[in-house]
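Peer 1: Got a structure here, written out as C-alpha cells. Questions coming.
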Amino acid sequence: MNELRFDGRVAVVTGAGGGLGRQYALLLAARGAHVVVNDTGGSVTGHGSPTDTAQQTADDISIAGGSAIASTHSVTTVEGGRAIVDAALERWGRLDIVVNNAGIVDDAPFDQMTDHRLQPLLDVHLRGAFNVTRPAWTVMRDNGFGRIVNTCSAAGLLGSVHMSNYATAKGGILGLTRVLAAEGADLDIKVNAIAPIAATRMLDYSLRSVDALNDPASAAAAQEMMRPFLDRLDPALVAPVVAFLAHPDCPVSGEVYTAGAGQVARYFVGRTRGYHNPGLSVEDVAANIDRIRDVSHHTVPEGPGDEMAELYGALFGAN
Ligand code: NAI
C-alpha cells in the first residue's frame with residue numbers, strides 16, 4: 001500500500017504541546033503536513049501557569065525536518081479559535097485539517113460538581129471545538145475540502161463515575177460531530193471523532209482521583225497492578241487513527257472510533273427493533289421491556305430520516 005501522505009496540507013492540532021495531541025502533530029508533520037501546534041500549557045485541570053509546550057513540539061518537528069509553528073491561544077474563546085485558524089492562513093494560506101484535541105479534567109462526585117468545575121470543561125472541550133471549527137469551516141466550505149477530527153471519550157459515551165462535567169462536554173462533541181458530518185456531506189468535509197485510550201497525564205489523573213476518593217490506601221497498589229496494561233497504552237498508537245481520519249482518502253464521516261494500544265474499533269448508535277402497539281400502555285412497556293431492549297436485530301440509523309423510516313415501517317408494515 002502507498003504511504004498515506006499529507007504533502008502541502010495544513011493542519012491545526014489543539015492541545016498538541018503534550019500527550020496525544022503532540023503525537024498527532026508529530027505524525028502529520030512526519031507525513032508532510034504543515035502543522036499549527038496549539039497549546040496554552042498549564043496543568044491537567046487547566047490551572048497553573050501557561051508553559052511553552054506548543055513551542056517545544058513545534059521545535060521538535062522542525063528539528064526532524066518538518067514544518068510547524070506554535071500557537072498559544074486558548075480554544076476557550078471565539079477570538080482564540082479565530083487566532084488559531086488565522087495562524088494557519090497567515091503562514092501557509094490554507095487550512096485542510098482540524099484536530100480538536102485540547103482537554104482538561106476535574107473529577108468530583110456529582111454532589112460536589114459545582115459550576116466552577118463544570119464551566120471550564122465545557123469551555124475547553126465543547127466550546128473549544130466550536131470556537132476553532134467555526135472559522136475553519138468557512139475556509140473548508142470555500143475550498144470544498146476539509147477533515148475534522150473531534151475527541152470524544154469512553155467516559156462521555158458510556159459514563160464514568162465522578163466525571164459528569166467531562167461527560168457532559170464530551171457528549172456534546174458527539175452531537176457536534178454528527179451534525180457537522182451531515183452539513184459537510186456535499187462539501188467533502190468529513191467530520192469524525194475518536195475516543196482514545198492512552199497513558200497520558202490525564203489518564204493518570206483520572207485513575208488516581210477515582211482510587212483516591214474511594215480508598216487512598218489502595219490507590220498506589222491499584223496503579224501498580226495496572227502498570228503492565230498502562231505500559232502498553234502508548235499515545236503514539238492512537239495517532240495513526242487520527243491521521244487516517246484526517247487524510248483525503250478517508251471514506252467515512254460522522255463516525256466514532258475508539259483507539260488504544262494499537263486496537264481500533266468503531267462505536268455506533270444502535271436502535272433495537274423494539275415493540276409496537278398503537279394502544280401502548282405502561283403495562284405493555286413493562287411486559288415487553290426485554291423485547292424493547294433486545295439488541296439482536298438492531299439497526300444503525302445514519303440520521304433522523306432513518307429513524308423516521310423505521311417508525312413508518314412499524315406503523316405501516318414496510319419493515
Ligand atoms: P493531556 O493533558 O496530556 O493533553 C491535553 C492538552 O490540552 C494539554 O497539553 C493542555 O495544555 C491542552 N489544553 C488544555 N486547555 C487548553 C486550551 N484552553 N487551549 C489549548 N490547549 C489546551 O491529555 P491527553 O490524554 O493527551 O488528552 C487529549 C484529549 O484526549 C483530550 O480531549 C482528552 O479529553 C481526550 N481523551 C484522553 C483519554 C486518554 O486515555 N488519555 C481518554 C479519552 C479522551
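Peer 1: Please report the antiparallel percentage of DSSP beta bridges with both residues in the stretch 10-267, rounded to the nearest 5.
Peer 2: Of the beta bridges lying entirely in the stretch 10-267, close to 15 percent run antiparallel.
Peer 1: In µm²/s, what is D for the chain at 25 °C and 0.890 mPa s, where D = kT/(6 pi eta Rh) by Stokes-Einstein and Rh is the Kirkwood radius from Cα pairs?
Peer 2: Result for D is 117 µm²/s.
Peer 1: May I ask you to compute the full-extension gain from S62 to L4, defined as 0.36 nm times their residue separation minus their alpha-carbon distance, rounded to one decimal in nm?
Peer 2: Roughly 18.8 nm would be gained on extension.
Peer 1: Hey, got the Cα dimensions of the stretch 188-319 along the principal axes, in Å, largest first?
Peer 2: Between the extreme Cα coordinates on each principal axis of the stretch 188-319 lie 57, 45, 20 Å.
Peer 1: Could you sort the peptides 122-129, 173-180 by per-residue average Cβ neighbour count (10 Å cutoff), highest mean leading?
Peer 2: 122-129, 173-180
Peer 1: Per-residue counts of other Cβ atoms within 10 Å, averaged by peptide: what ranking do you get for 133-141, 263-271, highest first?
Peer 2: Going from most to least packed, we get 133-141, 263-271.
Peer 1: Net charge near V99, counting Lys/Arg +1 and Asp/Glu -1 over other residues with Cβ under 15 Å of its Cβ?
Peer 2: Local net charge: +3.
Peer 1: Further question on the same structure: For the stretch 179-187, take each phi angle, set θ = phi - 60°, evaluate the Karplus expression 6.51 cos²θ - 1.76 cosθ + 1.60, and give the result in whole Hz per residue in order, putting x for glycine and proline.
Peer 2: Karplus-based 3J(HN,Hα) across the stretch 179-187 equals 5, 5, 4, 5, 6, x, 4, 8, 10 Hz.
Peer 1: Here's a follow-up. Could you go through the stretch 132-138 in sequence order and give the Karplus-derived ³J(HN,Hα) for each residue, using 6.51 cos²θ - 1.76 cosθ + 1.60 with θ = phi - 60°, rounded to whole Hz, and x for Gly and Pro?
Peer 2: Values per residue, Gly and Pro as x: 7, 6, 4, x, 5, 4, 5 Hz.
Peer 1: May I pose another question? Along its principal axes, what span do the Cα atoms of the stretch 1-140 show, with the longest given first and each in whole Å?
Peer 2: Cα spread of the stretch 1-140 along its principal axes, largest to smallest: 52, 32, 30 Å.
Peer 1: Hey, another quick one. Please list, in chain and number order, the residues 5+ apart from E302 or on another chain whose amide H is under 5 Å from its amide H, with Hs placed from the backbone.
Peer 2: Answer set, sorted by chain and number: none.
Peer 1: Based on DSSP H runs of at least 4 residues, each adding -39500 (n - 2.57), what is the mean residue ellipticity at 222 nm of the chain after dividing by all its residues, to the nearest 500 deg cm²/dmol? Numbers along the way, then the final one.
Peer 2: Details: 13 runs with 148 residues, N = 319.
Using -39500 (n - 2.57) per qualifying helix, the result is -14000 deg cm²/dmol.
Peer 1: For H162, enumerate residues with amide H under 5 Å from its amide H, sequence gap 5+ or separate chain, H modeled in the peptide plane.
Peer 2: Here F110 satisfy the definition.
Peer 1: Show me, for the stretch 24-39, the HN-Hα J-couplings you get by feeding each phi into the Karplus relation (A = 6.51, B = -1.76, C = 1.60, θ = phi - 60°), rounded to Hz, glycine and proline as x.
Peer 2: Per-residue couplings from phi come out as 4, 4, 4, 5, 4, 5, 5, 9, x, 6, 8, 10, 8, 8, 9, 6 Hz.
Peer 1: Also, I was wondering about something else. Using only Cα atoms and rounding to the nearest 10 degrees, what angle (0 to 90) does helix 53-63 make with the longest principal axis of the chain?
Peer 2: The helix 53-63 is inclined about 70 degrees to the chain.
Peer 1: Using the per-residue mean of other Cβ atoms lying within 10 Å as a proxy for protection, in what order, highest first, do the peptides 299-312, 237-250 fall? Mind showing how you got there, number by number?
Peer 2: Values: 299-312: 12.8, 237-250: 20.6.
So the peptides 299-312, 237-250, ranked by packing, come out 237-250, 299-312.
Peer 1: Under a 5 Å amide H to amide H cut-off, with H placed in plane at 1.01 Å, what residues pair with Y257 once short-range neighbours are removed?
Peer 2: A193, I194, A195, Y267
Peer 1: Further, regarding this structure: Calculate, in whole percent, how much of the Cα-Cα pair population of the stretch 128-248 lies beyond 25 Å. Don't skip to the answer; put the middle values down first.
Peer 2: On the way: 2637 of 7260 pairs.
Result for the distance tail: 36 percent.
Peer 1: Something else about it: What's the FRET efficiency of T272 with T45 using the Cβ-Cβ distance as r and R₀ = 35 Å, to the nearest 0.05?
Peer 2: Calculated transfer efficiency: 0.35.
None of the figures in this text is laboratory data; all of them are computed from the coordinates on show. In this text, all values refer to a predicted model and were calculated from it rather than measured experimentally. Counting neighbours? That spans all protein chains shown, and the Cβs are built from the backbone with ideal geometry, glycine included.
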